[in-house]
Structure formats: structure tokens, C-alpha cells
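Shown next, in C-alpha cells, is the structure this report addresses.
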Amino acid sequence: MLLNCANENISASLFRQELSKEKTISLDFGYLSGVIESWWEKNKEQNLHTLKIQLTNLFLNYLHPEDTLYFDQVGTNKGVAAVCIRNIFTIDCPALALTVHEALADLFHLTDIKYEYEDHKALYLKPSAEKYREWGNGYGDITPHSDDLYESLDVDFLALTVCRDTTHTPTAYYFPADLLLSLDDKEIQTLLGMQAIFVSGKNVSGSKERVRNVVEYNELYGYRVALDFRIDIHSGERMRAFNGGQEVLDKIRAALPTARCNVSTAQTGTFLIIANNKILHARPTLNISADEVRSQAATSTLTTTPRLLFRSKGPRKQYYSLDEKQAVRGAA
């Protein structure tokens, strides 16, 4: 059950201590890349669904046991907030990258969602990309945030797979423990009891809003945090205090430029999955000139764009145990 932390008398020091346990697990699948690429060359003409099933089985059969442990741990109370896997493949091939992406997303129990207003799967330079920041298909920087906090559905995971990145622009991600260092204990207590209103931005037609607790606790998943510091050119701040405490959010925002962050590997064959409610992700301005973006974005395709990532985001797939006694009682 989710609890508003203000009702649980959580101390600021305990909250900081629990947040500090969150970490990133880095894995190297280089020992498997040759097997994957050999399999791909023999089977790539089949449909995506068939390929994904085959590749999922290949992962399960060939991965070292210690590398499969984390499929069940991301975002739980085990302290694994992110897993970054390098060297899964080396071939610059959108179809292979998408197949790898979908297979690993399934293995990490991510249920991908597709909103009717959003073409979310392939991230690359779209027309007018040079005019926009705070947009995955744009050129400018993206401020630290968690995804879709304005939606009624809770997004547990975000996964990204790099097919190509000649700009060498990594995804950055921030642990809340590092973002809250500027707050004193009283401000932490304010944060624990806060609600905020989250509003949609450029990618949504019209406007969506949701009021939610900034911090919640769940026995299975630990502390979960909702923060979004993006500023949209039309709707303004994407997160605003709802029941007081705006000065605390403003203080966190002011410290963002000097806050410690982690970065993924901007290299073909990298898969990053993060717990959307334990980590904020971001991106600097692409390492490419605005003139190059302007000339490329108008005709950019999956094979010509300088930076191509595949994305999935959504809730954790739930599994339910079978209680045979309960089932018998229900049948009676």
C-alpha cells in the first residue's frame, strides 16, 4: 500500500539514509554479442514477434546466472534503481536494436504503453528539432524529470536502447539523494508531506494534469519520488506545489546545475533501464551544431539520423500467485 510519508512520522535522516542505498548496476554483455549477431544474420528475415521470442530464449540460455539476477530487482526495495548494459551488439542496425530492446524490456517486466497522441518508440531528430528543448526528438537539453507524472497510469520503468549515436550524447540520470543535498531537515519534512500538480507538455495535444504526493512509500518498492523540473514554452513549469512548499522545489531546481549526475554509454548496443519513480533522467544539448541539425532533421530517417534510440515506458508487469485453497473456496 502506498502511504503519504507525512502520516508515517518519517525522520529526515532516515529518509536520506534510505535514498542513499539506491544504486546503478553496470553489466557487460560483450561475451554474448558474437552469439547475438550470428543468430541475427541467420534469422533476421523473420517477423519481429518471432525474433523477440527467439532472442529472449537466447538471453536466458546464454547469459551468466549473475547477470539475470537483476531482471526482478529494478525499482524494488533491493536498492537497484537502474541497470546499464553495454556491448550487447555492435552492428548499427535499427531492426536488431529494436529486437534487442523489446526482448530485454520484457525480461525486466516492463509493460510498454502507447498513448494515442505520442509516437514514443523511436527517438531521433524530427522536423524543427533545432527549435526545441525538453523534447526527446529535439536538439536542445532536457531538464531532469520523471516521465508522465501527469498521467493517471503510473509509469514504473523507462528503458532506452542505443542503436546509433554519432553525437556521443549520453542520457544523464539523477538520484534524488543527490538532488536533495541542499535541503535542511525541515525542508525535507516539508517535501515528505507535499503534493504537487504535474502538467503535460509539447508531446500532448491539449493539456493533462494530475495531483500526486511528491514522496510515497511502499513495502515492496521502498520510497518513490515524483519530481519534474522541466519548463515548457507553453505551459510553464511542469511541476508546481499544490499544498504549499514551492520554495522547497525552487531550492532543488536552483541546485540542479551543480548536482551530481550519472551518465549512460552513448554507444551502439547499450541498454539502460531505470525505475521512473526512483531516478530523474535528463539530456544535455546534442553534441552537434544547430546548422547540422537543421539540415538533417527535415529528411531524417532511422538509417540516416545521427542519433537513434528506442524507448519503452510503462508499469511493471504484475504476476499473481495461485492460492489453491482460495480457488477451491471460490468455486464452492
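The values are calculated or read from the model by the stated rules, or taken from the named source; none is laboratory data. Note that the coordinates shown come from a computational prediction; the quantities given were computed from them, not determined experimentally. With ideal geometry, Cβ positions are generated from the backbone for all residues, glycine too; neighbour counts draw on all protein chains shown. These accessible areas exclude ligands, DNA and RNA; they are computed on the full protein's heavy atoms, side chains included. Shrake-Rupley method; radii C 1.70, N 1.55, O 1.52, S 1.80 Å.
In segment 91-215, Rg over Rh equals 0.99, where Rg is the alpha-carbon radius of gyration and Rh the Kirkwood radius from pairwise Cα distances. Here Lys21 sits with roughly 110 square angstrom of accessible surface, probe radius 1.4 Å. Among the listed pairs Lys251/Lys317; Lys21/Lys202; Lys114/Lys278, a Cα-Cα separation exceeding 32 Å is found for Lys251/Lys317; Lys21/Lys202. What is the calculated FRET efficiency for Gln46 to Arg260, with r their C-beta to C-beta distance and R₀ = 56 Å, to the nearest 0.05? That gives a FRET efficiency of 0.80.
When the P(r) of segment 141-216 is calculated, the portion above 18 Å amounts to 58% of the C-alpha pairs.
Using helices alone, I'd like the mean residue ellipticity at 222 nm for the chain: each DSSP H run of four-plus residues gives -39500 (n - 2.57), total over residue count, nearest 500.
Computed ellipticity for the chain at 222 nm equals -8000 deg cm²/dmol.
Going toward the positive end of the dipole of the chain, with +1 on Lys and Arg Cβ and -1 on Asp and Glu Cβ, which of His234, Phe108, Leu98 do you reach last? Farthest towards the positive pole: His234. Altogether, the Stokes-Einstein calculation at 20 °C and 1.002 mPa s, with the Kirkwood radius of segment 53-121 over Cα pairs as Rh, returns a diffusion coefficient of 156 µm²/s. Rolling a 1.4 Å probe across the protein heavy atoms gives the chain an accessible surface of 46 Å² per residue.
Evaluate segment 166-290: find the radius of gyration of its Cα atoms, find its Kirkwood radius, and give the ratio Rg to Rh.
My calculation of the ratio gives 0.98.
Surface composition of segment 182-332: carbon and sulfur atoms hold 52% of the protein heavy-atom accessible area at a 1.4 Å probe. A cut-off under 12 angstrom between Cβ atoms defines the neighbours of Thr270, and their net charge, with Lys, Arg +1 and Asp, Glu -1, is 0. The string of couplings for segment 171-186 from the Karplus curve (6.51, -1.76, 1.60, θ = phi - 60°) is 6, 9, 8, 10, 7, x, 4, 7, 6, 9, 4, 7, 8, 8, 4, 5 Hz, one whole number per residue in order, with x for Gly and Pro.
Of the residues Asp228, Asp67, Asp119, the one that moves most in a GNM of the chain with alpha-carbon contacts below 10 Å is Asp119.
3J(HN,Hα) along segment 27-35, derived from phi through the Karplus expression 6.51 cos²θ - 1.76 cosθ + 1.60 where θ = phi - 60°, amounts to 10, 10, 9, x, 5, 10, 4, x, 5 Hz, with x in place of Gly and Pro. Counting only the Cα atoms, the chain fills a convex hull of 167 Å³ per residue. Overall, the chain carries a charge dipole of about 220 debye about its Cα centre when +1 sits on the Cβ of Lys and Arg and -1 on the Cβ of Asp and Glu, all other atoms neutral. Within the chain, the longest run free of chymotrypsin sites (Phe, Trp or Tyr not before Pro) that sit in a DSSP loop with at most 12 other Cβ atoms within 10 Å is 118-318.
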